[in-house]
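Working notes, structure below.
Just so it is clear, none of the values below were taken in a lab; they were calculated from the coordinates. These figures come from a predicted structure and were not determined experimentally. Heads up, the Cβs are rebuilt from the backbone with ideal geometry, glycines too, and the neighbour counts pull from every protein chain shown.
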Amino acid sequence: MKARDNPFAIHRLEQLPYHLSGTTWPALLDKLESLNNRAAIIGHHGSGKTTLLNKLKPHLKEKGHHPITAFTNEDTPLTWRQLKDTLTTNPNSNILLLDGACHLPYLTWHRLKRYTQKRHTGLIVTTHNPGLLPTAYHCQTDIPLLKNLLNNLLPKSELPIDTTLTQLYQQNNANIREVLSDLYDQWAIAKK
Amino acid sequence: MNNLSIEIQDNQTAFVPGETLEGTAQWQLNELPKSITLNLLWYTQGKGTEDVGIAESIELGNHSSTDQQSFSITLPNSPYSYSGRLLSIIWALELIINKGDQCHRQEITLSPTGQEIVTN
Amino acid sequence: MGAGFMFFIFLGFLKTIDTHSWQETPCTIQSCLIIDDYDDESPYAIDVLYHYTFSGKTYTSSTYKYNYNGTSDYHEVSNLASQYLPTTQSTCYVNPNKPDTAILAHESLWTGLTILFPLIFVIIGGGGIYFTWRKTDPEKTEVKSSKSQAGNNRKVTLVFFSIFALVGLGILIPLFIIPVKNIISARSWQQTPCKIISARLQSHSSDDGTTYSIDILYKYQFNNTTHRSNRYNFSIGSSSGTSRKNAIINSYRKEKNPVCYVNPDTPSEAVLNRQVTWGLLIGLLPLAFLAVGVIGIFYTLRKKQPKSKSSQAARWHSKSLNDTHQSQHNSSNTFQPHSITLKSDSSAIKKLLGITFFALFWNGIVSVFLFEVVEGFKNGNPDWFLTIFMIPFVLVGIGMIIGVFYYILALFNAKPQLTLTPGHIPIGTAGEISWTINGRVDSIQNLTITLNGREEVTYRQGTNTRTDKRTFYDIELFSTDSTSDMYTGQIGFPIPHDTMHSFEADNNKIIWSIIVKGDIKRWPDIDSNFTITVLPADISQDQ
């Protein structure tokens, strides 16, 4: 199977609609507004935090905001200088969407928090655990969510059976991103 | 209602490196555009994070809301259009209004045979 | 068990706290004597008698401190004796509920910190019980992978390394820093003749076994005052091993004109041996803990330098791909060198340095505990719990040492040198590699050279960035068991016309390489990877 045709290729995953649990987009945006757009999206690995942050950007734009994005993890660390440059080179931006805030060094995080607070810039971050900022949304995964995603990616006839799905889900410790990565490999080999 | 289209001469979509690609970009917009750009680009799809490379970028000068403009591009040598198990490389022409407000994309293939290189 | 120990320590500490509420009362010292045979463990103590008046009645007490057990430091009791001279006035603390009970000095409240030791075991045990028995919903499990535990929660990491640093510093100060400071200041102490009163081997019993220290009591005259001391040198603590200590004790027993060194500022302070001793080096061991703690805190807090080549912090896929960061792509070169010498992708030196660092770090820490285990066996009093506990750590340490030797041996492997002609090979044409293998070629049993093409893609997996690889082309170009054919040779090979050229973008790559493998019996194998450039087909030739 060609990489571009694989139903689990990244570009297809990015086009999946985001399923909010227990809230709606207007309610989530209102909650962010009530927190002055300074909040955290929390959840374990592969629970959809990055995806939610991506989907949030156009919604914030529709509300008249000018969000900019930044990403950091262990292999792509951000320095304070880089973060500051991101903010100063985008003077019109009023919200920073930071993916992976929990990977920032302690001092860098606190500098960023103070800096954005002083300039009344919003700061919406993704992190694994609560504590950095008030929690706006808690990403969680379950097997019905996984089934829902697969319904969008595969024709009905090709959906894995429930026991296979449950096994995959548990083997990957509820990490949906890893489940989808495994399914990519399985499809690539099976559909040669 | 906005309409964008790219028409390639002879409806050709398979090309060899170094070949000249000729065509016409057409647009029908509700408002006057600030910029209209035609990009020749490649991008990747598959398991890895997407990469993009813009081989050529043409600013289409006439900024009226409804118009068409022909173009001629000499295609580069590489990369070839390719599909393996983890990675696909795809060539496309992209017509962009106002730096991203709207866009239309037309895929082409680029390789010595005109067909996508496939490895399994 | 932890809870039990905590309970008893707490009960004792309550009593200590209680004495701090006793009423301060003037008293008169009747007598104060130094006992020098108080206890096997702590031979020196003061025997003090004093009387006081409380609520109109006169009482007599001989209690210095609640739970007073004497000391092994003669200087300490000497100071006390000079503090509580007969007929002088002092202050005592009377139990208001039982006025016949009184003490001269309070026990330190710092002893309450000993409750923290069993508390650690209570937390570990209680936490283990909680996490073992708590119910979890398999469908909505909030899971922390080992990667997130490693990568997240800087606070825990900071606390962990801070404890390391504090423990290291806390032990380093009394074991090394203070003794060294004393040795340096003792250089100005005055040499003074002294007389040996007693010399013995002092034993100290604990759960780990019995240790010993030198206890030599001597007296000397300084400024017309007679003083006594039992300080032999500035090292603190005791250790196993008796032969060297007994030799020292015997020498002082026989010594006709022993000398000591007296602090002219505080003549009650003296020492027999003011030299640096080997035992002081043991005091450097906590430096490893301090170093680990400080380095760990530093790397947790420091600003990190970026590894990414991207100059922008933001990379998002957009609808039009227009505002996305444009990847750099290298796959065609106008300049084609006639031939190039290929460089191996991996470095044996780097691997060796890496494993050596980890082996030193790991075995450095393990050796501290291993020393205790060995000493226990030498003394005929082995600590079996510690011995069994240390087995897996020692095995890992041995494995690392073997790894170091493995990579040292790999350094002496025969090294292939490859030349590729042309330097870059267009698709549909042929190339040629010529090789020379320097070193112990006769040890190679089988040599193979393979042409390999693979895809490499990189993507984010939360905390980390992962790279997946897939080989799409793998053809053996050359294989031989004959040593004479291995030294040098050349072979041509075609690049198929219907394959993909080399391609490199930020996250996606097509890589071609020549892989040289050599099987060596009872020695690390040769496994060298040489990246080559396969160009797009030469269109000028086709036209």
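By the beta carbon rule, with partners counted only under 4.7 Å, the protein assembly as shown holds these lone Cys residues: A:102, A:139, B:103, C:32.
Calculated on the Cα set of the protein assembly as shown, radius of gyration then Dmax: 39.0, 125 Å. Taking amide H atoms as placed 1.01 Å from N in the peptide plane, the amide H of residue C:269 lies under 5 Å from those of C:263, each 5 or more residues away in sequence or on another chain. The alpha-carbon of residue C:521 sits under 16 angstrom from the alpha-carbons of these aspartates and glutamates, leaving out residues fewer than 8 places away in its chain: C:442, C:481. Taking other C-beta atoms within 10 angstrom as a stand-in for reagent exposure, A:150, C:85 fall in the order C:85, A:150, fewest first. To the nearest whole percent, what portion of all C-alpha pairs in chain B is separated by more than 16 angstrom? Summing the P(r) tail past 16 Å for chain B gives 60 percent.
When the protein assembly as shown is described by a simple charge dipole with +1 on each Lys and Arg Cβ and -1 on each Asp and Glu Cβ, the residue from C:478, C:355, C:464 located farthest towards its positive end is C:355.
Going by alpha carbons, how many degrees (0 to 90, nearest 10) lie between the helix axis of A:49-62 and the longest principal axis of chain A? Once rounded, one gets 60 degrees. What's the long-distance tail for the stretch B:63-120, i.e. % of Cα pairs beyond 16 Å? Pairs farther apart than 16 Å: 57 percent. Using all pairs of distinct alpha-carbon atoms, the Kirkwood hydrodynamic radius of the stretch C:475-543 works out to 15.2 angstrom. Each Lys and Arg adds +1 at its Cβ and each Asp and Glu adds -1 at its Cβ; summed about the Cα centre, the stretch C:398-543 shows a dipole of about 620 debye.
For the stretch A:1-77 versus the stretch C:433-491, the inter-centroid distance based on Cα atoms is 43 Å. D by Stokes-Einstein for the stretch A:50-174, Kirkwood Rh over Cα pairs, 10 °C, 1.306 mPa s: 94 µm²/s. Enclosing the Cα atoms of the stretch A:126-170 in their convex hull gives a volume equal to 89 cubic angstrom per residue.
Secondary structure note: in the protein assembly as shown, about 85% of the DSSP beta bridges are antiparallel. Ratio of Rg to Rh for the stretch A:1-99: 1.00 [Cα atoms; Kirkwood radius as inverse mean 1/r over pairs].
Distance between the 7 Å Cα→Cβ label points at residue A:164 and residue B:8: 3.7 nm.
Can you pull out the trypsin sites (Lys or Arg not before Pro) in the stretch A:1-99 whose DSSP state is coil and whose Cβ has at most 15 other Cβ atoms within 10 Å? When the trypsin sites (Lys or Arg not before Pro) of the stretch A:1-99 are filtered for loop state and at most 15 Cβ neighbours within 10 Å, A:63 remain. Over all projection directions, the Cα-based convex hull of the stretch C:374-450 averages an area of 9.9 nm². Checking every one of the trypsin sites (Lys or Arg not before Pro) in the stretch C:217-277 against DSSP loop status and a limit of 15 other Cβ atoms within 10 Å picks out C:256. In this structure the amide hydrogen of residue A:122, modeled in the peptide plane, comes within under 5 Å of the amide hydrogens of A:95, A:96, none closer than 5 places in sequence on its chain.
Summing Cβ point charges (Lys, Arg +1; Asp, Glu -1) relative to the Cα centre of the stretch C:456-524 gives a dipole of roughly 380 debye.
Note on the stretch C:159-280: Kirkwood radius taken over Cα pairs, Stokes-Einstein applied at 10 °C and 1.306 mPa s, translational D equal to 100 µm² s⁻¹.
Since only A:154, A:133, B:77 are under comparison, the one whose Cα sits farthest along the positive direction of the charge dipole of the protein assembly as shown, derived from C-beta charges on Lys, Arg, Asp and Glu, is A:133. Taking one quarter of the surface of the C-alpha convex hull of the stretch C:13-105 gives a mean projected area of 6.0 nm². Label-to-label distance for residue C:476 and residue C:106 is 8.4 nm, based on points extended 7 Å past Cα in the beta-carbon direction.
Charge dipole (Cα centre; +1 on Lys/Arg Cβ, -1 on Asp/Glu Cβ; no other charges) of chain A amounts to roughly 680 debye. Each of C:397, C:189, C:407 was scored by the projection of its Cα onto the charge dipole of the protein assembly as shown, and the greatest displacement toward the positive side belongs to C:189; charges sit on the C-beta of Lys, Arg, Asp and Glu.
Considering only GluC sites (Glu not before Pro) in DSSP loops that have at most 15 other Cβ atoms within 10 Å, the longest stretch of chain B without any of them is B:32-120. Return the subset of B:47/C:350; A:55/A:118; A:49/A:147 for which the Cα-Cα distance in this structure is over 23 Å, preserving the input order. The answer is B:47/C:350; A:55/A:118.
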